[in-house]
Each structure stands twice: as C-alpha cells, then as structure tokens.
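Here, each number is a calculation from the coordinates, and none is a lab measurement. In this text the structure is predicted, and so the values were computed from the model without any measurement. Positions of Cβ are generated from backbone atoms using ideal geometry, with glycine treated the same way; all protein chains shown enter the neighbour counts.
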Amino acid sequence: MRSLLPLLGALLLTGCASAPNTLILSPDAPIVQPGSQQGALALTSVDHRPEQFLVEVRKDDGAAELLSPAEPPRQLLEQGVRDGLSKLGYRIDPAASVTMSLSLNKLVMKIDQGTFSHDATTNLVATVEVNNLGSTLTKEYRVRSSFSGPLKPEMARIEREMNDRLSQLMSDIVNDPELHEHLN
C-alpha cells in the first residue's frame, strides 16, 4: 500500500500539470421580446464544419494545440434558436409544413501565440433555409471578432469569447425580420 502512494501522487500531479483541451460552451439564450402565437415550424440542424475542433493555437515553433468542445456546438445552436423562436410565439413541431434548417458551416478561433503576446480571430458562419409552402429563403449569417493580449490567453477568455459569439449568432438569426416575414 505504501509503495502505491508515491505512484498515485505522481499521477495526480501529472494530471494537474497538463492544460485542458476541452472547451465548455454555454452561450446565453437570444434576447427577444415575448411574442404572440405564431405558426408552427419544424426545426432541424446539421454540422458542416470542415474542422471538428473549436480553437487552434499556433505557437512560434509551428506546433499547434487544438481545443475541442465538450458538447456539440450544433446542438447548442439549435437549442438556442429553438428557445428564442418559442419565446417569440412559434410552436416547434416536427410535423409542421413550414421547415427551418440550420447549417453550422464554421465555428473556429485561430490564435497566433508568440513569446510575449497573442492574437486571436473568431469566425462563425451559419446558413438558415426556410421552406414555406413551396417558397424558399436561404440566408447566411456571419459573426467575426478578434482580440489580442499579452502572454498566453486564459482558457476563461477563450470560452467567454466563443460563448459570446455563439450567442450573437443565435440572436442574429432569431431577431432577423426577413426570416420572420418568410416564416409567416
């Protein structure tokens, strides 16, 4: 038993020394004004991102560190849009004749990590397609941001930035008057 204690201690310290490679996404729901009863719509989503990681950290020596999401971002996007539309008075029904499809095309942050500073750029792209009685509206939504700072960016800053941009994307979709015009 005593011989296992040093080994166990070494394993615990090794786990503490490594940086986490998973991001926790928890975007805020879109802010909307509660609406009156709207029509029913069927909502689906797909993930068409070419990369399955969320963050790529490139270091001076050329090495890259990839950070992945703890939960599929497509599900978070769909749930946020679903919640926002429900608050606006839409009834989400898989059997509805009006269909809305969300396609997550890009959700990535690229960080260039230098010795004394970092520069980060975030890009999100989603496409929404609405079919209403044979009429189709296809619209692309884009969110882009950047930040820089000294040394290495903190994980909390990276997560906050990703969550804020994902919330912004959901709000842009849910609050789009052209989209609502086509849904009704």
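Brief remarks follow.
- With q set to 0.14 Å⁻¹, the log10 of I(q)/I(0) for the range 19-88, from the Debye formula over equal scatterers at the Cα positions, is -0.60.
- Backbone amide hydrogens, once placed in the peptide plane, bring GLY35 within less than 5 Å of LEU88, GLY89, excluding anything fewer than 5 places away on its chain.
- Mean-position separation - Cα centroids, the range 42-100 and the range 150-184, in angstrom: 11 Å
- In whole percents, the pair-distance distribution calculated for the range 74-150 from its alpha-carbon pairs, binned every 5 Å from zero, is 3, 12, 17, 19, 15, 10, 8, 6, 5, 3, 1, 0.
- 13 Å beta-carbon shell around VAL98, net charge (K/R +1, D/E -1): -2
- Helix 4-17 axis, angle to the chain major axis (alpha carbon atoms, nearest 10°): 50 degrees
- Other-chain or far-sequence residues with amide H under 5 Å of LYS106's (modelled H): VAL125
- For the range 112-184: rounded, prolate or oblate by the Cα gyration tensor [a/c cutoff 1.5]: prolate
- Taking the chain and dividing mean pair separation by its residue count, relative contact order in percent (alpha carbons under 8 Å, at least six apart): 25 percent
- Karplus (6.51, -1.76, 1.60) ³J(HN,Hα), θ = phi - 60°, over the range 62-71, in Hz, Gly and Pro reported as x: x, 6, 10, 10, 10, 10, 10, x, 6, 10
- Residue-wise HN-Hα couplings along the range 177-184, as the Karplus relation 6.51 cos²θ - 1.76 cosθ + 1.60 with θ = phi - 60° gives them from phi, are x, 5, 5, 5, 4, 6, 6, 9 Hz; Gly and Pro carry x.
- Positive-end extreme of charge dipole, the chain - chosen from LEU151, VAL98, HIS118 (charges on Cβ): LEU151
- Relative contact order (percent, whole number), the range 37-98, Cα cutoff 8 Å, 6+ residue spacing: 58 percent
- Angle in degrees between helix 155-174 and the longest Cα principal axis of the chain, rounded to the nearest 10: 10 degrees
- Of all DSSP beta bridges confined to the chain, the antiparallel ones make up roughly 70%.
- Cut-off under 5 Å, modelled amide H: who pairs with ASP93 long-range: LEU41, ALA42, LEU43
- Burial order of peptide ranges 131-144, 153-166 (average beta-carbon count within 10 Å, highest first): 153-166, 131-144
- Using θ = phi - 60° in the Karplus curve 6.51 cos²θ - 1.76 cosθ + 1.60, the 3J(HN,Hα) couplings for the range 42-56 round to 9, 10, 10, 8, 9, 10, 10, 5, x, 10, 9, 8, 9, 10, 10 Hz; x is entered for Gly and Pro.
- Relative counts (whole %) of C-alpha pair distances in the range 39-184, using bins that are 10 Å wide: 11, 39, 27, 15, 7, 1
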